[in-house]
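Encoded as structure tokens, the structure appears first; notes follow it.
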Amino acid sequence: MWLKFKGGKGVAVYIGVLIGLFWPAAVIFCLLWLATAVTSRYSSLSALVASFVTPIFLWWFGHPALASLFAVLTLLLFYMHREKHQAVAGRTEGRIGAK
């Protein structure tokens, strides 16, 4: 059986770069993603929430250059997920675990 991956590659790269540059922020990202996913059951919303908080976390912990980089990457994620915003708002986005 072949697995079919529709999306998540941009978020995977985001996390990979985050792991390489400051792994504690990657842990926070994953925990936020998981908490949002459990409560909302929307993967795209979870990624957007976690990516929104990541630059704030980096800035708070004294990494302004990384915060700037991840602010730009977050804007790119938001841009690439622009159709998902409407789907989540209109409740037409597929939920985690739904068939």
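Observations
- Stretch gain in nm, segment Glu83-Val38, where the contour uses 0.36 nm per residue and the Cα spacing is subtracted: 14.0 nm
- Packing-based ranking of 60-66, 70-76 yields 70-76, 60-66, ordered from highest to lowest mean Cβ neighbour count within 10 Å.
Every number here is computed from the coordinates shown, using simple stated rules; none is lab data. All of these numbers come straight from a predicted model, not from anything done at the bench. Cβ coordinates were reconstructed from backbone atoms using ideal geometry, including for glycine residues, and neighbour counts include every protein chain displayed.
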